[in-house]
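Have a look at the structure below, then the notes.
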Amino acid sequence: MKILVCISNVPDTTSKINFTGDNKEFDKNGVQYVINPWDEYALTRAIELKEAKGGSVTVLNVGEADAEPNIRKALAIGADDAIRVNAHPKDAFFVAQQITAIAKEGGYDMILMGKESIDYNGFQVHNMVGEMMGIPSVTPAFKLDMVDDSTARLEREIEGGKEVVEVKLPFVASAQQPMCEPRIPNMRGIMTARTKPLKVVEAAGGEAKSEYVNYSKPEKKSGVKLIDADNAGELIKLLRNEAKVL
Amino acid sequence: MSVLVFVEGLNGEIKKSSLEAASYGSQVAQAMGTSATAVAIGDVHEDALARLGEQGISKVLYDADDRLKQFVADAYVKVIAKAAQQESAKVLVFSNSNIGAAVGSKLAVRLNGSLATNVTELPKIDGGNFTVTRGVFSGKAFAQVNLTSDLKIIAVKKNSTDIISNGGTSATVEKISADLAESDFAVAPKETVMQETDGGVLLPEAEIVVSGGRGMKGPENWHLIEELAKELGAATACSKPVSDIGWRPHHEHVGQTGITVSPNLYIAAGISGAIQHLAGVNSSKVIVVINKDPEAPFFKAADYGIVGDALEVLPKLIEAAKALDK
Ligand SMILES: Cc1cc2nc3c(=O)[nH]c(=O)nc-3n(C[C@H](O)[C@H](O)[C@H](O)COP(=O)(O)OP(=O)(O)OC[C@H]3O[C@@H](n4cnc5c(N)ncnc54)[C@H](O)[C@@H]3O)c2cc1C
C-alpha cells in the first residue's frame with residue numbers, strides 16, 4: 001500500500017502571534033516551527049498501517065526550504081521518503097493543486113493529512129484534493145482501518161455525532177484525534193532520517209484564488225472581575241444583569 | 001445574480017448555525033442590491049423552510065429526496081451546484097460546519113470559486129474588491145482576504161453573526177431536483193450515530209458551554225458540570241487530558257487539537273488555561289474561570305473569575321441558577 005501524507009510547517013502551539021510590515025506579514029521572528037499537530041495523527045496512522053500491511057509512506061510538503069527540518073522529523077518518525085514542492089503556499093486552492101499533481105503522478109492508494117493547519121485554519125485542502133482527483137474525501141476522520149486490501153472503513157465526525165463510511169482505494173482522508181497516539185522520533189529514526197531521500201520539485205503552475213491583504217489581532221480583554229468564592233451565587237446575577245449572557 | 005445560502009436541517013428544524021448563515025447571506029444580498037435564496041436538503045420540514053423569510057430569504061429551493069437525509073458529499077454538491085447555476089449565484093454562503101466546509105471546498109473546485117472558511121464578519125465590497133475577515137492562528141488573529149474569483153464562497157463561523165428577524169415574512173418554497181444517480185451515493189455512510197444528549201444541547205451549536213478540567217478530580221464529580229449545564233441550557237465540554245484519561249468522551253474535548261467553540265458564555269472549572277486549550281475557546285464572548293490557583297493562566301483570558309475549589313463553588317452556582325426566573 002502506497003500512502004501519501006501531506007504535512008504543513010506551522011508555528012508551535014505556544015507561539016506568540018505578531019505581524020510586521022504594516023500588519024501585512026506574519027512575523028516569523030523567534031517563532032519555532034513544528035509539524036502541524038493534526039498532520040501528526042495522519043502521519044502516525046499511515047506508519048501504523050504500513051507496519052501492519054506493508055507498503056510505503058511518502059511525506060509531502062508544499063513550502064519553502066525552511067520546512068526541511070520538520071520534513072526530516074517526519075522521516076525520523078517513520079516515513080520512507082519525502083517530496084517538497086518548492087513554493088510559497090499561497091492559499092488552500094494553490095496547495096491542493098500541487099498535492100493533486102504529485103498524487104496523480106505517484107499513484108497512491110491513500111492520501112492523508114490533518115483536518116486543518118493550526119495557522120490558517122482552512123479545513124479545505126483535503127476536500128479540494130478529493131474533488132480535483134475525482135476520488136472520495138472523508139473528513140474529518142477519527143478512525144481509519146482496512147477492511148480488506150481494497151477497502152477502508154473510516155469514522156468521521158459530524159456535528160452532534162459520527163458516521164461510519166466504507167470507501168474503495170484510492171481516497172483522501174483528513175485526520176483528527178483520537179485516531180492514534182502521535183509518535184515522536186527515536187534515536188535510530190533520527191539517524192536513518194538523514195539518509196532517506198528528500199526530493200525537491202518546482203510547483204506545477206497553478207493559481208491562488210484569494211489574497212491575504214492584512215492581519216489584525218482580537219481586542220484585549222479588559223481584565224478579570226473576581227467574585228468571592230463564599231458569595232459565588234453573585235456571579236450568576238452578574239452574568240444576567242451585567243454581561244447579559246443568561 | 002443572487003446570493004445562495006445552504007441550510008442544514010436536523011430533526012425537521014433548521015440548525016441555528018444555518019439561521020446565522022441565512023442572516024449573513026441576506027445581508028450580503030442587500031449590500032449587493034440583490035436577493036437571497038436558500039437551498040435545503042434532507043431532514044427539514046417545509047414550514048421551517050418558509051420561516052427563513054424571517055432571516056431575509058425570499059425563496060427556498062428544497063430537495064426532499066429521502067436518500068439525502070444523511071450527508072452524502074457528492075450528492076449534496078450536485079444539488080447545490082444546480083441551484084447555484086439556476087439562480088446565477090455570485091455568492092454562496094455556508095455555515096463553517098463539517099458539512100458546510102466540505103461541500104464548500106468541493107464546490108470551489110467544481111464551480112471555480114474563491115473560498116474563505118471560518119469567516120467572522122460581513123464582507124467589505126468596494127469597487128472590484130470583495131474582502132472577508134476570517135479567523136486565523138487558532139483564534140489568535142484575523143486575516144483580511146480578497147476573494148478574487150467571480151464566484152465567492154463563504155463559510156461563516158458559528159455564533160459570529162446575529163440571527164436577524166423580519167417579523168412575520170415568509171419565504172416561498174420550491175422543489176429542486178438534480179437527477180441524482182446511484183453513483184452519487186457510492187460513499188453514503190453505512191451508519192450514522194448521533195450522540196445521546198438527554199434533551200441537552202449539542203456542543204458545536206451551543207450558546208453556553210460549561211467545561212471541566214483535571215481540577216474536577218474525577219468523573220464522579222461531573223454531575224456538577226452537568227447540573228449547571230442543565231440549569232443554564234448549556235452544553236458540556238472538557239480539556240484534553242480529561243478525555244485522554246477517559247473521564248469524558250472525545251467529542252467533548254475542546255482546544256487546539258479538539259473542537260473550537262465560540263459560545264456567548266464559556267464557564268471553565270478546574271482548567272488551567274494552557275495556550276492549547278485557549279486556542280479552542282478564545283473567541284467566546286464571555287469567559288468565566290473557576291480555579292483554586294489564583295495564578296492559573298486562564299484568569300488572564302477571563303472576564304469573570306472565582307478563586308476557589310470548584311467542587312464547592314459549582315453547587316453554589318447551581319443553586320443561584322435554579323433561582324433565576326427563566
Ligand atoms: C500539541 C498539543 C496540543 C494540545 N491540545 C490541547 C487541546 O486541544 N485542548 C486542551 O485542553 N489541551 C490541549 N493540550 C494540553 C494542554 O497543554 C494542557 O496540558 C491541558 O489543557 C491541561 O488540562 P487541564 O487544565 O484540565 O489540567 P491541568 O493543567 O492539570 O490543570 C488543572 C487545573 O485545575 C486547577 N485545580 C485543581 N484542583 C482544583 C479544584 N479543586 N478546584 C478548582 N481548580 C482546581 C489547578 O489549579 C489547575 O489550574 C495540548 C498540548 C499539546 C502539546
inquiry  = If I ask for residues that are hydrophobic (A, V, I, L, M, F, W, C) and assigned to a helix (DSSP H, G or I), which ones from segment B:235-246 would you list?
reply    = B:242
query = Would a scan of segment A:175-186 turn up a residue that is more than 7 Å from chain B (Cβ to nearest Cβ), touching a Gly at 6+ places or on another chain (Cβ under 8 Å) and assigned to a strand (DSSP E or B)?
reply = yes
key: Criterion (within 13 Å of the chain's Cα centre (by Cα), facing chain B (nearest Cβ under 10 Å) and more than 26 Å from residue B:16 (Cβ to Cβ)) met by exactly one of A:167, A:125, A:129   = A:125
ask   = Is it the case that residue B:53 is at positive phi, modelled with pLDDT of 95 or more and not basic (Lys, Arg)?
value = no
task = Within segment A:70-87, work out how many residues are farther than 17 Å from residue A:132 by Cβ and in contact with a Phe, Trp or Tyr (Cβ under 9 Å, 6 or more places away or on another chain).
result = 1
ask   = Quick one: would you say residue A:105 is out of contact with any Leu (no Cβ under 6 Å at 6 or more places or on another chain) and at the interface with chain B (Cβ under 9 Å from one of its Cβ atoms)?
value = no
key: Filter pass, residue B:242 being crowded, with 20+ Cβ neighbours inside 10 Å and either within 8 Å of chain A (Cβ to nearest Cβ) or on the phi > 0 side of the Ramachandran plot (or both)   = no
query = Among the residues of segment B:308-320, which ones are more than 9 Å from the ligand (Cβ to nearest atom) and at the interface with chain A (Cβ under 7 Å from one of its Cβ atoms)?
reply = B:316, B:317, B:319, B:320
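For segment A:27-61, which positions are assigned to a loop (DSSP other than H, G, I, E, B) and within 16 Å of the ligand (Cβ to nearest atom)?
Correct list: A:31, A:32, A:36.
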task = Find the strands (runs of 3 or more DSSP E) located wholly in segment B:118-234 whose residues include 3 or more that are within 16 Å of the ligand (Cβ to nearest atom) and modelled with pLDDT of 90 or more, and list them.
result = B:208-212
key: Matching residues in segment B:294-307 - criterion: being more than 9 Å from the ligand (Cβ to nearest atom), assigned to a helix (DSSP H, G or I) and among the hydrophobic types (A, V, I, L, M, F, W, C)   = B:299, B:301
Subset of segment A:110-134 (residues that are more than 20 Å from residue A:176 (Cα to Cα) and part of a loop (DSSP other than H, G, I, E, B)) = A:134
message = Going by what's in this entry, would residue B:291 be described as within 30 Å of residue A:11 (Cβ to Cβ) and more than 8 Å from the ligand (Cβ to nearest atom)?
response = no
In segment A:200-229, the residues that are more than 8 Å from chain B (Cβ to nearest Cβ), more than 22 Å from residue B:130 (Cα to Cα) and not small (Gly, Ala, Ser) = A:200, A:201, A:202, A:219, A:220
ask   = Can you pull out the residues in segment A:212-246 that are small (Gly, Ala, Ser) and either touching a residue at least 24 places away in the same chain (Cβ under 8 Å) or not in a loop (DSSP other than H, G, I, E, B) (or both)?
value = A:216, A:229, A:233
key: Complete set of residues in segment B:247-270 that are assigned to a loop (DSSP other than H, G, I, E, B), more than 11 Å from the ligand (Cβ to nearest atom) and under 21 Å from residue B:161 (Cα atoms)   = B:261, B:262, B:263, B:264
message = I'd like to know if segment B:280-287 contains one or more residues that are within 8 Å of chain A (Cβ to nearest Cβ), within 9 Å of the ligand (Cβ to nearest atom), among the hydroxyl-bearing types (Ser, Thr, Tyr) and under 22 Å from residue B:136 (Cα atoms).
response = no
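The values are calculated or read from the model by the stated rules, or taken from the named source; none is laboratory data. Note that the coordinates shown come from a computational prediction; the quantities given were computed from them, not determined experimentally. For neighbour counting, all protein chains shown are included, and Cβ atoms are generated from backbone atoms with ideal geometry for every residue, glycine included.
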